[in-house]
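The structure under discussion appears below in the form of structure tokens.
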Amino acid sequence: MTRRAFTLLEILIVVVILGGLIVVVFAVFAVGVSGFKLGTVRLDLQSELRRIINPLRQDLRNSSFQSTSFVSVNRNVPANPPDAQPVTPVHRDGLCFNGLKHVLDDASYDQSGFPKWDCYVVYFASLDEPDGKMVRLTLRDDDVPPDDVLSIPRTLAAGDLSLTNPELLDGNVRILSNQVMDFEVSTDQGNQLVHLRLRLRGKAGHQDMGRRSIAEVLEINTAVRPANTWPRL
């Protein structure tokens with residue numbers, strides 16, 4: 001009984017089929033890894049967003065609309081880092097309003113329950129590229145006597161929005177996030193509302209799969225009405 005050997009053509013066909021199967025398996029694996037990475041980045045961004053927006057809303061809600069001031073700063077940052085080009089326009093605004101250093105202290109309120117403002121609260125997005133830091137700090141205005149109510153706005157300038165500013169660094173500084181792509185502030189005088197737009201960009205996942213970027217961006221738009229506004233419209 002003679003055994004029939006495989007021909008070269010049959011061996012080549014088997015090799016091609018096995019090679020195709022391996023390519024398909026690795027492609028499915030790559031898609032799964034990309035999906036897992038995107039899911040991880042998305043969860044991280046949601047956590048970062050809560051870390052910023054929860055204290056910002058609370059501080060602003062406890063404040064007064066009349067004390068609110070902001071400065072708008074426009075920048076061009078890389079749209080798909082680490083590539084320097086192309087660029088996209090973003091806002092790196094700063095927001096300032098009056099606040100209390102000791103919110104739970106009864107001595108911080110007068111007999112009518114109105115707060116005795118003793119500091120300013122500042123939130124701003126730093127000018128780092130491609131993504132900035134969200135900074136929260138408190139500061140006193142030395143031009144205002146200690147016993148006065150800080151009911152007037154403190155004017156912000158673009159030069160104030162820096163972690164190297166000695167005046168701002170005198171306050172209690174907290175870095176809430178280092179993944180801020182865009183932070184935009186506007187006010188509605190008629191309804192005494194402060195509008196906030198915040199975009200965060202994930203640091204992981206900045207790679208291309210084919211021609212599709214898998215970088216993750218999370219955005220929120222919200223409006224806050226400071227509760228201690230007087231007089232109300």
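The values are calculated or read from the model by the stated rules, or taken from the named source; none is laboratory data. All values derive from a computational prediction rather than experimental measurement.
Can you confirm whether the stretch 47-56 contains a residue that is within 29 Å of the chain's Cα centre (by Cα), outside any helix (DSSP H, G or I), modelled with pLDDT of 80 or more and not acidic (Asp, Glu)? Steps first, please.
Start the filter on the stretch 47-56 by keeping residues that are within 29 Å of the chain's Cα centre (by Cα), which leaves 47-56.
Restricting the remaining residues to those that are outside any helix (DSSP H, G or I) gives none.
Taking every residue of the stretch 47-56 in turn, none turns out to be within 29 Å of the chain's Cα centre (by Cα), outside any helix (DSSP H, G or I), modelled with pLDDT of 80 or more and not acidic (Asp, Glu).
Residue by residue through the stretch 8-39, note down the ones that are modelled with pLDDT of 75 or more and under 19 Å from LEU200 (Cα atoms).
none
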